[in-house]
Amino acid sequence: MTTVEFRTPEALAEAERWTAHNYHPLPVVVAEADGAWVTDVDGRRYLDFLAGYSALNFGHRHPGLVAAAHAQLDRVTLTSRAFVHDQFATFCRGLAELCGKDLVLPMNTGAEAVETAIKVARKWGYRVKGVADERAEIIVADGNFHGRTTTIVSFSTDPEARADFGPYTPGFVVVPYGDLEAVRAAITPNTVAVLMEPIQGEAGVLVPPAGFFAGVRELCTEQNVLMIADEIQSGLGRTGRTFAIEHEGVVPDMYVLGKALGGGIVPVSAVAADRDVLGVLRPGEHGSTFGGNPLACAVGAEVVRLLSTGEFQERSERLGSRLHAGLEALIGKGVVAVRGRGLWAGVDIDPALMTGRQACERLAERGVLAKDTHGSTIRLAPPLVVTEADLDHALAQLAAVLNS
Ligand SMILES: Cc1ncc(COP(=O)(O)O)c(C=O)c1O
């Protein structure tokens, strides 16, 4: 097998020819990246305003993260969990302390961490709460996005994600996002958990009404139900806090983390909870060959270290204000609405002008990468290392696209 160097059209055609069509990417073929910028195979540069859906919160190839990965590549990369390795406890302790929880369980992808949370909640329900066998219920939100496994798509409300993949896993109850009375009404003696995103990313960066999660927290405590926050996309600095749920002054029973936890280098995910919850698992009941591997732990520990300084959270809050002010100024000039927190925004484009996809294509032509969702919304989530000049440049390009 030889590696052939392609320019953009050939590279796109080859990718189309040899892969399943489960994505509809923008026609950009990335060859290199650094910080907030990527360069394509033809040498064109783009500002990355998607940042791997928040997997690249620290930018492309952050020097500290790359150094941690390089150092570990020269030592040991994989042991499986059959043995313990010397990076494991450092990472797990650091992450547990960052979360303020007793224990963590590392996995790889976000969907695996969500699956982990579901299994732990169910087992907690049967063994601690006393729910009758096979009766556990988990309350989730309309418009949710928690991943792509068969169990997770079972409670998706997006027909594209769900249709044709049944039979579906039972045990989930869907309520409108942000509707506290609906959560209250959905709780039964068999409810083991409420699983929700503090801000719904895939749905268009939807921020729930103020007080919603404080209310959910109260209900969960009162009814002996676990509150699980899927912070895979919203967490680890994205919204100006370590966790987006902090904006609500709330501590969930379980955090579900992923994306940025791997520093944009390796897939790293985890759940974090106290011993009375995560302690229900016994050997043989859950795991993954690659979960918590030495390379992942070395990078993950450095991610935790970067977050523990507060620098990235502060940047996200400060630069996020600039981003949101710039976007608000476009309302009525092609933008219908803007939502989000920190360096994260859902921008509704006037459907009379163009679709979200068209807006992203035109932005890419002007050297800014973003991704559309649900027809007329585009999502902006630049790496937290983005500069003020980068932000102003991207905002100017968006204004130009809306004027074109
Ligand atoms: C909130 C949330 N949960 C879970 C996932 C799934 O993560 P992964 O794609 O790593 O499986 C995502 C991915 O976008 C997400 O945004």
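Below is a table of values for the structure above.
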| quantity | calculated |
| --- | --- |
| Candidate set: the range 112-127, residues that are charged (D, E, K, R) and more than 16 Å from the ligand (Cβ to nearest atom); chosen: the one surrounded by the most Cβ atoms within 10 Å (Cβ to Cβ) | 122 |
| Residue within the range 50-68 that is aromatic (Phe, Trp, Tyr), within 16 Å of the ligand (Cβ to nearest atom) and under 20 Å from the mean Cα position of the chain (by Cα) present | yes |
| Hey, residue 392 of a type in the set (Asp, Glu), more than 20 Å from residue 38 (Cα to Cα) and surrounded by fewer than 20 Cβ atoms within 10 Å (Cβ to Cβ) or not | no |
| Per-region count, the range 137-147, residues at negative phi, among the small types (Gly, Ala, Ser) and surrounded by fewer than 22 Cβ atoms within 10 Å (Cβ to Cβ) | 0 |
| Top-ranked residue of the range 342-361 - restricted to ones that are hydrophobic (A, V, I, L, M, F, W, C) and outside any helix (DSSP H, G or I), ranked as nearest to the chain's Cα centre (by Cα) | 344 |
| Enumeration of residues in the range 1-56 that are under 30 Å from residue 149 (Cβ atoms) and charged (D, E, K, R) | 14, 16, 17, 48 |
| The one condition in (1) at pLDDT below 95; (2) in a strand (DSSP E or B) that residue 339 fails to fulfil | (1) |
| From 109, 90, 77, residue being within 16 Å of the ligand (Cβ to nearest atom) and not hydrophobic (A, V, I, L, M, F, W, C) | 109 |
| Subset of the range 15-48 (residues that are over 24 Å from residue 381 (Cβ atoms), of a type in the set (D, E, K, R) and under 29 Å from the mean Cα position of the chain (by Cα)) | 16 |
| Residue among 130, 215 that is on the phi > 0 side of the Ramachandran plot, more than 21 Å from the chain's Cα centre (by Cα), away from the ligand (no atom under 16 Å from the Cβ) and surrounded by fewer than 22 Cβ atoms within 10 Å (Cβ to Cβ) | 130 |
| Single unsatisfied condition, residue 387 versus (1) over 23 Å from residue 311 (Cα atoms); (2) surrounded by fewer than 22 Cβ atoms within 10 Å (Cβ to Cβ) | (1) |
| Exclusive hit being assigned to a loop (DSSP other than H, G, I, E, B), out of contact with any Cys (no Cβ under 8 Å at 6 or more places or on another chain) and either over 28 Å from residue 186 (Cβ atoms) or not aromatic (Phe, Trp, Tyr) (or both), set 282, 305 | 282 |
| Single unsatisfied condition, residue 246 versus (1) more than 20 Å from residue 52 (Cα to Cα); (2) in a strand (DSSP E or B) | (2) |
| Checklist (1) in contact (Cβ under 8 Å) with a residue 40 or more places away in the chain; (2) in contact with a helix residue (DSSP H, G or I) (Cβ under 6 Å, 6 or more places away or on another chain); (3) within 30 Å of residue 125 (Cβ to Cβ) applied to residue 244, failing item | (2) |
| Search result, residues across the range 267-293 that are within 14 Å of the ligand (Cβ to nearest atom), within 18 Å of residue 85 (Cβ to Cβ) and out of contact with any Gly (no Cβ under 8 Å at 6 or more places or on another chain) | 288, 290, 291 |
| Residue pairs meeting the criteria (Cβ under 6 Å; at least 6 apart or on separate chains; first part of a loop (DSSP other than H, G, I, E, B), in the range 12-36; second charged (D, E, K, R)) | 28/40; 29/40; 36/48; 36/390 |
| Filter result for residue 389 (in contact (Cβ under 8 Å) with a residue 40 or more places away in the chain and part of a helix (DSSP H, G or I)) | no |
| Single condition residue 1 does not satisfy, out of (1) out of contact with any helix residue (DSSP H, G or I) (no Cβ under 6 Å at 6 or more places or on another chain); (2) modelled with pLDDT of 95 or more | (2) |
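One line per residue, one yes/no per condition, for (1) within 16 Å of the ligand (Cβ to nearest atom); (2) aliphatic (A, V, I, L, M):
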residue	(1), (2)
193	yes, yes
196	yes, yes
200	yes, no
204	yes, no
211	no, no
237	yes, no
245	yes, yes
254	yes, yes
263	yes, no
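Yes or no, residue by residue, for (1) over 30 Å from residue 319 (Cβ atoms); (2) of a type outside the set (Val, Ile, Thr); (3) touching a Cys at 6+ places or on another chain (Cβ under 9 Å):
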| residue | (1), (2), (3) |
| --- | --- |
| 242 | no, no, yes |
| 247 | no, yes, no |
| 256 | no, no, no |
| 262 | no, yes, no |
| 277 | yes, no, no |
| 288 | yes, yes, no |
| 291 | yes, yes, no |
| 295 | yes, yes, no |
| 298 | no, yes, no |
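The values are calculated or read from the model by the stated rules, or taken from the named source; none is laboratory data. In this text, all values refer to a predicted model and were calculated from it rather than measured experimentally. Ideal geometry is used to build each Cβ from the backbone, glycine not excepted, and the neighbour counts take in all protein chains shown.
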